[in-house]
Amino acid sequence: MKITVIGGGPGGLYFSILLKKAIPDCQIDIYERNKPDDSFGFGVVFSDETLSEFLSRDAKSYDLIKSKFAYWDDLDVVRDGENVRISGNGFCGCSRKTLLQLLQQRCNEEGVNLHFEHNVDDLSQFKDSDYIIASDGINSPIRETFSKQFGTNITLKKNKFVWLGSTKPLDAFTYFFKTTIHGTFIAHTYQYEKGMSTWIFECTENTWNNTDFETTDEKDTIKKLSEIFAEELDGHTLISNKSHWRQFPHITNDKWHHKNIVLLGDAKATAHYSIGSGTKLAMECAIALADSIAEHKTNTTKAFEKYNQLRRNRVEMIQHAANVSLDWFENIERHMQHDFMQFAFGVMTRSKKVTYENLALRDDTFTEKVLTEFNCNIGNFKVKTPAAFTDFSLRDMQLKNRIVMSPMGQYAAENGFVSNWHLVHYGARATGGVGLILTEMTAVSKTGRITLGCAGIWSEEQMLKWRKVVNYVHKYSKSKIGIQLGHSGRKGSVNVPSVGNNIPLVKHGWDLISASPISFNEAMAIPKEMSVSDMDNIISEFVNATIFAEEAGFDMIELQAHHGFLLASFLSPLTNIRKDEFGGSIQNRIKFPLQVFQAMREVFPENKPMSVRISASDWAENGISEQEVLFICEAFKNAGADIINVSTGNTVDNQQPQIGRMWQTPFSDMIRNTIHVPTITTGYIQDIDQINTLLLNGRADLIALGRPLLLDPNFVRHAQAYEKYEPTDIPNQYKAGISHLYPWHQAQRNAVETMKKALKPESHKS
């Protein structure tokens, strides 16, 4: 079997070593355009986990690498002179040039043929190769040649960065954050061998422009950065090596192979340097590719299928985490305003892979500092109170914890009336300890419902039914309850979801209205474009519902302006194509939703808060922009909104959301820390650890749960037991359960933590 590898980087070299060991009689040739000792950059980073994988695959490579690396267990976060050290991180740094030389040595030992200064422009010379491995780097000519076949997508990220070295010794992986008159600079630094350290400098494009950098002027770059980081460098020099300013390219490929050609390393997929090394990703993929070819030998189809099976999900997960981390650095000015411990915690948890509990297992002295700062800042001197179980106030409404029941349609109402189902549903979550209950979307009119099973509050009789629910919540719990008021707009007159999503009613349906005559999907009716008279009627309906909500005793009102319903249809440019004063610019598109809110605010008691739920992204081309979202939130804040409930999507049927755990929190982060208004976040938040993490790093003020509360009305009680937090609001009827629930959860937690510690990768420190 003949294997041709194009590109002699770490991925191509390590693949060749492993495959040659697995199939000794195969011929492997590596063609590298550079000299043996040429290398871009300085150091590379590996975790303990990655090193363990190397050890299990090729002990000789591992021993060579281990003999040359610099190891650290500590990570420092330094911001304008403030410093904190976090232990237990387990990383090593190694010279990129040294790594290449060690892997080249292993290739020679195993009988891999190395060809240097050999630029490959034409693959026809390798017609007799069974496999061609395209590991030719981030600017891969082979990938570009077959970009259509691979389905290549390249997106340049916003920040500017430059990769330099220094003689400055470092005893920890260190993030330096530096405030200048031009903006914030970041330095990602670590020592990779004695007397040498890597310094990756990063800043926003605006800061870069303000500082008058030149992309390819290395001397100017070094001069300016040496001045900015003079204190941190402490007299040590910066060193360049093809060190040009660039923007990070996020590269994905729909397919990783074409005929007998397969992509490896940066040619295949890139992951931002802020979560680790692209070298690590390349070498881990090299392991999977070698295994796949060794298993299926000359059957390229099966080999590539196996490669994809082994690595596709993992690579996409790493890329997602990298993008979330990258987003944090791209918006660094949002975070620099935070108190220092919160800021440092944000650095550590930015990708959402690391949580409060993860960090506590590594270094509980650090997490205690974070928690203490959080509690002191809110005036709670019980400094060990978990963030989720601290109080939070909006006007005169005081919540006993920060967990919210998200509006979830039950579709169990009859003729708009709530029933005993709703009494039990909301009542159980109240006694279960939820801080704030937000009801399902409650229609302000008969034709404002989504389905025939939706609740309403357009009549006194409906109000009295709701009052029964509210009274129960207030009598038997310390929970607060708010009502979400809304109008379905173009998404109304459909069957309940159990029949199918967005299936129009055949009988008993009604005419639809919206900002513009655009149907939600092909099956649904085209709505009428609202006239000014229609708007006046809708405002009256919302005001009437607001008055009824107050009479029912609700503690709070939330205005539904999300997910493509009536008010949301005005806000998005995809659903509002009006030519009058209510269309066009965001200043025009927000006019009617703002009029509705202002009219509601005027009749709702001043001491009671109001929320607005928005969709901060349409997840579709030409949808609502970040700046428009910020404008909307500021406008509602100025009109008297006390908190913004941040959701995304469901505006248009062709949306393509990027779903993952805690996936909507960056939007909440953006709004909270730019507009300086409290926010509620939601979206695949599943456990108390995630909740505490989000609160402590300042991404939101309240955390809304939907699906986790459907089958577990006592989610909060379980979480309190897990955190050893005993609240004062457990009903007397249930207090006897403490003696069972709390010890059980502690036993479970101890077991999990013991397992995590046992599975922690072995330290490879010499």
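Structure values in brief
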read-out	value
Some residue of the stretch 622-642 being in the same structural domain as Phe542 (by TED's automatic domain parsing) and within 20 Å of Ile378 (Cα to Cα)	yes
Qualifying position, being in contact with a Leu (Cβ under 6 Å, 6 or more places away or on another chain) and assigned to a helix (DSSP H, G or I), among Ala288, Ala360	Ala288
Residue check, Glu522 within 22 Å of Lys491 (Cα to Cα), of a type in the set (Asp, Glu), in a loop (DSSP other than H, G, I, E, B) and assigned by TED's automatic domain parsing to the domain that holds Leu438	yes
Qualifying residue in the stretch 169-184 (condition: touching a Leu at 6+ places or on another chain (Cβ under 6 Å), in contact (Cβ under 8 Å) with a residue 40 or more places away in the chain and either of a type outside the set (A, V, I, L, M, F, W, C) or under 28 Å from Gly12 (Cα atoms) (or both))	yes
Whichever residue in the stretch 19-35 is touching a residue at least 40 places away in the same chain (Cβ under 8 Å) and either touching a strand residue (DSSP E or B) at 6+ places or on another chain (Cβ under 8 Å) or buried (at least 24 other Cβ atoms within 10 Å of the Cβ) (or both) and, among such residues, is farthest from Ser95 (Cα to Cα)	Gln27
Matching entry among Ile437, Ile450 (being touching a Lys or Arg at 6+ places or on another chain (Cβ under 9 Å) and in a loop (DSSP other than H, G, I, E, B))	Ile450
Thr221 vs. criteria surrounded by 20 or more Cβ atoms within 10 Å (Cβ to Cβ) and either assigned by TED's automatic domain parsing to the domain that holds Gly8 or in contact with a Gly (Cβ under 7 Å, 6 or more places away or on another chain) (or both)	yes
The stretch 115-133: number of residues that are in contact (Cβ under 8 Å) with a residue 12 or more places away in the chain and either farther than 12 Å from Gly7 by Cβ or assigned to a loop (DSSP other than H, G, I, E, B) (or both)	12
Listing of strands (runs of 3 or more DSSP E) fully contained in the stretch 1-102 that carry 1 or more residues being more than 35 Å from the chain's Cα centre (by Cα)	2-6, 27-31
Helices (runs of 4 or more DSSP H) enclosed by the stretch 582-670 - at least 2 residues per element that are closer than 30 Å to Thr693 by Cβ	626-638
Matching residues, the stretch 466-496, being among the charged types (D, E, K, R) and in a helix (DSSP H, G or I)	Arg467, Lys468, Lys475, Arg490, Lys491
Criterion (at positive phi, surrounded by fewer than 22 Cβ atoms within 10 Å (Cβ to Cβ) and modelled with pLDDT of 90 or more) met by exactly one of Gly88, Gly41, Gly111	Gly111
All positions within the stretch 177-196 that are buried (at least 22 other Cβ atoms within 10 Å of the Cβ) and touching a Gly at 6+ places or on another chain (Cβ under 7 Å)	Tyr190, Gln191, Tyr192
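Matching residues to (1) surrounded by fewer than 17 Cβ atoms within 10 Å (Cβ to Cβ); (2) polar (S, T, N, Q):
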| residue | (1), (2) |
| --- | --- |
| Arg613 | no, no |
| Gly623 | no, no |
| Gln627 | yes, yes |
| Ala635 | no, no |
| Ala641 | no, no |
| Ser647 | no, yes |
| Asn650 | no, yes |
| Gln656 | yes, yes |
| Met662 | no, no |
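Listed here are the residues, each with its yes/no results for (1) closer than 20 Å to Tyr14 by Cβ; (2) surrounded by 21 or more Cβ atoms within 10 Å (Cβ to Cβ); (3) of a type in the set (D, E, K, R).
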position	(1), (2), (3)
Asn241	no, no, no
Gln247	no, no, no
His250	no, no, no
Asp254	no, no, yes
Asn260	no, no, no
Ala271	yes, yes, no
Thr279	yes, yes, no
Met283	yes, yes, no
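The values are calculated or read from the model by the stated rules, or taken from the named source; none is laboratory data. From a predicted model like this one, the values you see are computed outputs, not experimental measurements. Ideal geometry is used to build each Cβ from the backbone, glycine not excepted, and the neighbour counts take in all protein chains shown.
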